[in-house]
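Undergrad: Pasting a structure here, questions to come.
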Amino acid sequence: MSERIYVTTPIYYVSDVPHLGHAYTTVVADTLARYHRLRGHDSRFLTGTDDHGQKIERMAASKGQTPKQYADGIAAAYQSCWRTLGMSNDDFIRTTDPDHEAVVQDIWRRLVERGWIVLRPYQGWYCVACEQFYPDKELDDGKCPVHKRAVERVEEENYFFKLSQWQKPLQEFYDRVLRETGRPFVEPAIRMNEVRAFVDAGLEDLSVSRATFKWGIPVPGDPRQVIYVWLDALTNYYSATRRDPSLARFWDGDAMARGELQVVHLMGKEITRFHAVYWPAFLMAAGLPPPSKIIAHGWWTVDGEKMSKTAGNVVDPNRLVADLDAVVGAKVGVDAFRYFVLREVPLGADGDFSHESLLTRYNAELANDLGNLLNRTLGMVWKYFPDDGVIRYQRAEAAPIDLASAFAAAQQEYEKAFAGFAPSKALEAVWSLVRAANAYIDKAAPWKQPRESQAAILGEVLETCRILAHWVSPVMPDKAAAILRQLGVAEAPCWPERRTSAVFHVEKATPLFPRIDDDRKKELLARWTPKPATATGTATQTATQAATTTPVKPTVTFDDFAKLDLRVAEIVAAERVPKKDKLLKLSVDVGGEMRQVVAGIAAAYAPEALVGRRAIFLANLKPAKIGGIVSEGMILAAGEEQILALSALDRDCPPGTKVR
Ligand code: ME8
């Protein structure tokens, strides 16, 4: 295991706010970075946004914004979501950062100087969603093989990167990595095989500039063209290490060659080719070292379906976490989400997200196995040592079950799993120790033992809980801190040794993960399940009851209705109103004009979950003070309190669109 590691996620397009898929990659990267920090390794974790490209230019235009304004809004939504989910990224890069742009232009110049970039006329099929040209043979019935949408014919003079000459150097590079590290450059191996097959089949030169739009980094010396968005975007991993001389140690070819530095790019499998073929070729052509490893994880579906806005099944992590916290009545959502996505699928495999399985794992593994271990142990400490809750622990010689060997086996597995980038396996190893500790209590039966044995048994378990807290900290940083606090241990996450004696001054137990009973489960599933017209569930039933019991108001004429100025508004910022539990203060974009609105929706929505959402807005309501703050209009919603639902639009309508 190298002593220095640089972990990256893809930089996400600012075409949309973050969802489950983006959150997954970022949780994996965060967990790896936290693990390496735990080991005392010199670690750096980078994420960010991909701000340029034709797709973004078009989306911004459709919303009447400049590309930069539009990108700023979505980049802020990413940053806010990552804060909510406890990401510990050391930096957040955007391709519109001036220092990044300068490095991209610098690499471009190097490639030109070395003869790898040349200007040529070009005709080809371009998919704007992929930001990629496709040769005829790769089209699927004339459509993009990924998006199944029409491709565009592009005829322009482009700069080309001579990728065709990189077949052999790339093949040699893949061989060298395998020889030197014993593992393929791309993992899992199935993705390496795909990449190899693509390279072995022969490479074509790659168009690396575009002349038909402006939203990108200008080609040095030719302002008619912008640099291809992927050359721009991939360079982020390198440019972020040039921001400060002290960061150069995270992109250092000698250190990589000596095995002292690992540069690990994590991503979804659909963009492996860009990272495993184009990126090493660009770097080597520019005289720079390629990364050490590409890890391509699988693709999440939701209840067996592809996630899509049209299907209405996109999982918004902000919303998921806020709902869990609200319904459970404790801060459990972030750690439960992180745990679930890491445990549910082995890294590399495709996964199906189901809210039901999330709740099942929550109850079985978090509330029961881990939560209950701590809870029952602290309960017994206070029961048998009611004066002060202090346990003076001395390793028991003749323990009925050997926790020492369970610890040693779990530690070995845990370490091996992280070295092999397998967080689900690391969690399995942790849970083997959780279960061993629970079994130990059952067998040792402290309730039947004399006082000295009780202290020895409980001490053994408390020490195990301390180790478990450190081990779960890369995945569940909040709950790890809560365990340590309840154990009365003042330690930051570290690599724990198993001690033979210690003194614990424990706190009274507070459940780590309160159990989700059937009623709460129903409520959560009702919040999360897309609701067809016939659906039954708490929210629907209540809404139906309300609809039938509230008499319809007196008739109005169309002229009355026409007095209301209803339009689409986008929530661009949301915050709680101090000391007002029910109120949120929102900034909404009503089509070029910003309004401040106070809405009584705090019981149903966390502020972070609202940013970027659109709803129907009453724009000509007389301003009024609510909770001491002026509110300039009203967001429409159905229901009340926690079962309230924001009005929604089932198609993309820009802010300001009239509603009639
Ligand atoms: O591709 N399951 O950005 P992007 C799993 N800007 N992971 C998913 C997912 C899903 N259903 N959906 C998205 C881009 N992801 C480029 C990257 S890097 C130099 C430029 C995750 O916003 C996964 O990590 O389309 C995937 O690779 C990434 O989001 C794509 O994000």
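Undergrad: Ignoring any ligand, DNA or RNA, what whole percent of the accessible area of the chain comes from carbon and sulfur when the probe is 1.4 angstrom?
TA: Carbon plus sulfur share of accessible area: 52 percent.
Undergrad: Here is a further query. Enumerate the calculated ³J(HN,Hα) couplings along the range 651-656 in order (Karplus 6.51 cos²θ - 1.76 cosθ + 1.60, θ = phi - 60°), each rounded to whole Hz, writing x wherever the residue is Gly or Pro.
TA: 9, 6, 10, x, x, x
Undergrad: Just going by the charge dipole of the range 352-505, with Lys and Arg at +1 and Asp and Glu at -1 on Cβ, which of 372, 489, 394 is farthest out on the positive end?
TA: Checked the options; the winner is 394.
Undergrad: Let me ask another. Give me the accessible area per residue for the range 314-359, probe 1.4 Å, as a whole number in Å².
TA: 25 Å²
Undergrad: Tally Lys and Arg at +1 and Asp and Glu at -1 over the other residues with C-beta under 11 Å from the C-beta of residue 258: what net charge comes out?
TA: -4
Undergrad: Can you give me the relative contact order of the range 309-423 as a percent, contacts being Cα pairs under 8 Å and 6 or more apart?
TA: That works out to 22 percent.
Undergrad: Among all the aspartates and glutamates, which ones have a C-alpha under 13 Å from residue 306's C-alpha, if same-chain residues fewer than 8 places away are not counted?
TA: 350, 352
Undergrad: Whole angstrom only: what separates the Cα centroid of the range 266-284 from the Cα centroid of the range 38-112?
TA: Going from one Cα centre to the other spans 18 Å.
Undergrad: From the square roots a ≥ b ≥ c of the eigenvalues of the alpha-carbon gyration tensor of the chain, which class results: rounded (a/c under 1.5), prolate (a/b over b/c), or oblate?
TA: oblate
Undergrad: Still on this structure, I have one more. Starting from the Cα gyration tensor of the range 4-298, take the square roots of the eigenvalues, sort them a ≥ b ≥ c, and report rounded, prolate or oblate (rounded when a/c is under 1.5, otherwise prolate if a/b is larger than b/c, else oblate).
TA: Because its axes are fairly even, with a/c under 1.5, the range 4-298 counts as rounded.
Undergrad: Here's a follow-up. Say the cut-off is 20 Å between C-alpha atoms; which of 582/625; 55/293; 331/582; 580/625 go over it?
TA: In this structure, 55/293 exceed 20 Å between Cα atoms.
Undergrad: OK, next. Which order do the peptides 508-515, 317-324 come out in when sorted by mean C-beta neighbours inside 10 angstrom, highest first?
TA: Per-residue Cβ counts within 10 Å, averaged per peptide and sorted highest first, yield 317-324, 508-515.
Undergrad: Would you work out if the range 58-114 is rounded, prolate or oblate? Take a ≥ b ≥ c from the square roots of the eigenvalues of the alpha-carbon gyration tensor; rounded if a/c is under 1.5, else prolate when a/b is larger than b/c, oblate otherwise.
TA: Oblate, since a/c reaches 1.5 and b/c is not below a/b.
Undergrad: Counting only DSSP beta bridges with both residues in the range 4-298, tell me the antiparallel percent, nearest 5.
TA: Approximately 45 percent, going by the DSSP bridge assignments.
Undergrad: Taking 8 Å as the Cα distance limit and 6 or more residues as the minimum spacing, I'd like the relative contact order of the chain as a percentage.
TA: 12 percent
Undergrad: Per the chain: cysteines with no other Cys C-beta under 4.7 angstrom?
TA: For the chain, the answer is 81, 465, 494, 653, because their Cβ atoms have no other cysteine Cβ under 4.7 Å.
Undergrad: Hey, another quick one. Counting only DSSP beta bridges with both residues in the range 102-246, what percent are antiparallel, rounded to the nearest 5?
TA: Around 100 percent of the beta bridges assigned by DSSP in the range 102-246 are antiparallel ones.
Undergrad: Hey, what number do you get for the chain at 222 nm if only DSSP H runs of n ≥ 4 count, each worth -39500 (n - 2.57), divided across all residues, to the nearest 500?
TA: About -12000 deg cm²/dmol.
Undergrad: Please give every one of the lysines within straight-line cross-link reach of residue 443, meaning a C-alpha to C-alpha distance under 20 Å, and leave out same-chain neighbours fewer than 8 residues apart.
TA: List returned: 383.
Undergrad: Provide the net charge surrounding residue 32, with neighbours chosen by a C-beta distance below 12 Å and charges set as Lys +1, Arg +1, Asp -1, Glu -1.
TA: Cβ neighbours under 12 Å give a net charge of +4.
Undergrad: Further, regarding this structure: If the reach is capped at under 20 angstrom between alpha carbons, list the aspartates and glutamates near residue 416, excluding any in the same chain fewer than eight residues apart.
TA: Within reach: 3, 30, 42, 180, 187, 260, 344, 428, 497.
Undergrad: At 1.4 Å probe size, what's the solvent-accessible area of residue 284? Round to the nearest 10 Å².
TA: The accessible area comes out at roughly 50 Å².
Undergrad: Excluding residue 132 itself, calculate the net charge of residues whose Cβ lies under 12 Å from the Cβ of residue 132, where each Lys or Arg counts +1 and each Asp or Glu counts -1.
TA: Overall, the nearby charge balance is -1.
Undergrad: Report the antiparallel proportion of the DSSP beta bridges in the chain as a percent, rounded to a multiple of 5.
TA: 65 percent
The values are calculated or read from the model by the stated rules, or taken from the named source; none is laboratory data. The shown structure was predicted, so the numbers you read here are calculated from the model rather than taken from an experiment. For neighbour counting, all protein chains shown are included, and Cβ atoms are generated from backbone atoms with ideal geometry for every residue, glycine included. What goes into the accessible areas is simple: the full protein's heavy atoms, side chains included, and nothing from ligands, DNA or RNA. Shrake-Rupley method; radii C 1.70, N 1.55, O 1.52, S 1.80 Å.
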